1. Rg and Dmax of the stretch 245-310 over Cα atoms: what are they, in angstrom?
2. With Kirkwood's inverse mean 1/r over C-alpha pairs for Rh, give me the Rg to Rh ratio of the stretch 320-367, two decimals please.
3. Name the lysines eligible as straight-distance cross-link partners of K328: C-alpha to C-alpha under 26 Å, and not fewer than 8 places from it in the same chain.
4. If a/c stays under 1.5 just call it rounded; otherwise compare a/b with b/c (prolate if a/b is bigger, oblate if not). Do that for the stretch 199-282, with a ≥ b ≥ c from the square roots of the Cα gyration tensor eigenvalues.
5. If you average the C-alpha positions of the stretch 298-361 and of the stretch 92-127 separately, how far apart do those two centres end up, in angstrom?
6. Express in nm, to one decimal, how much length is gained between T73 and Q398 on full extension, taking 0.36 nm for each residue of separation and deducting their alpha carbon distance.
7. Which residues' amide hydrogens lie under 5 Å from the amide hydrogen of I91, considering only partners 5 or more residues apart or on another chain, with H built in the peptide plane?
8. Can you list the residues, at least 5 places off or on another chain, whose amide H is less than 5 Å from the amide H of G28, using H built in the peptide plane?
Amino acid sequence: MRKNPSLISSNETSKYLQDIAIADILVGMPSYNNVITANYVVSQIVKGLDTYFPDYKSVVFVSDGGSGDQTLTSVKKIDIKSTNVKLIPTIYIGASGKGTAIQAIFEAARYLQVKSVALVDSDLRSITPEWMKLLIEPTLTGTDFVAPLYNRSKYDGTITNFLCYPLTAALFGKNVRQPIGGDFGLSLPLVEEILESSMWNYPYVSRFGIDIFETYTALAKGFKVKEARLGVKEHDPKDPSSQLAGMFRQVTGTLFKCIEKYEPIWKKINGVSETEKIGEDTSNSIPKAVEVSLPNTIAAFKANYENYAPTFRSLLSKDITSRFEQLKSLETSNVEFPSEVWANTVYTFVVAFHREKDARAALLLLDALRILWIGRVAAFIKDTWSLERDQAEEKVLQEAKVFTSLKANLVEMY
């Protein structure tokens, strides 16, 4: 149903939308200080729309968070020669964050009553016109949600690898490898479902919690899901030991809230099924290595561990806490850190978060888990340092199977 955009859309945006009136496809790009890459991403989007959807009326919606580096000014100067593609470069209004930017994109899609929505990140260096075909075409022919399937460096996507991916597979029974990948395809019915969700009341959804919220809504509500092989993803990676504190809190907090919201659904699901994949096999594409430092990662773990030691000891068994204690000597000794330890640790924190009614105490749980996650990443780096990317990937896949095998522990405790 067509609705006027809310307060997160400016008067300028409303004017753009009224002039366009109706469209078939909308590609949204949230941006913030991405002047180096934004124009390239927009150019690839337009090429893809012109190549694969020349008979459709398309809109590229750049939803900017008030960049201080001339991102939006640069985008506004792009000369789009296509007659079927319109550009809306605008600043969203409201709480700062990726989720608010996407909410503005979704409201524009609903206003224009498009058939298909695609989202792409603004820091991409590897996007090609083919991404548009893979993300959009399925949602024009009956699929509701297209998740990305990338070739990533073995140390890229550490929040995905050790939290979002194994929990998604175990809880919702779908092997969606990149549930917070950021580059998605969505049908309008799914967009409308997301817009009407009460989850927007949770503050982290307006920030980096948006991606897991989108994925869990699609899975929990029974929308048809596929994965698109997009090849290598090159973007601005983050060092898990020093750069991901805020993102971890926002993603994990939203994830845990979604688990609460959809408890009646995931408790009934057993096993894991493969998600249908589209696009050519890109396994031969080699991503650039993401540089990480094992000493720095261990140091970050050790420096913060004691700050949360009372929380660890109150929640975790002595056997599990002793396993984490051993990680402090990871540089100088061979430390066994089984996947079962990590899975049961995460499940314990999921339950503790669910039971905690005090907001500050819940925040403490998220921050405490982040320190243990840094330790888990350190153990993985040590374990896979000499392995090829595919061999390291197999370890991530196997750990997700362990999460699934131990799901009964979560169900019993929750």
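Read-outs: derived from the displayed coordinates by stated rules, not from any lab. Treat the numbers as computed from the prediction; the structure is a model and nothing was measured. Every residue, glycine as well, gets a Cβ built from its backbone with ideal geometry; the counts of neighbours run over all protein chains shown.
1. For the stretch 245-310, the Cα radius of gyration and maximum Cα-Cα distance read 19.0, 50 Å.
2. 1.11
3. Partners found: K154, K238, K302, K318, K382, K395.
4. Taking the square roots of the gyration eigenvalues as a ≥ b ≥ c, the stretch 199-282 is oblate.
5. 36
6. Net length gain for the segment: 112.4 nm.
7. D64
8. F61, A118, L119, V120
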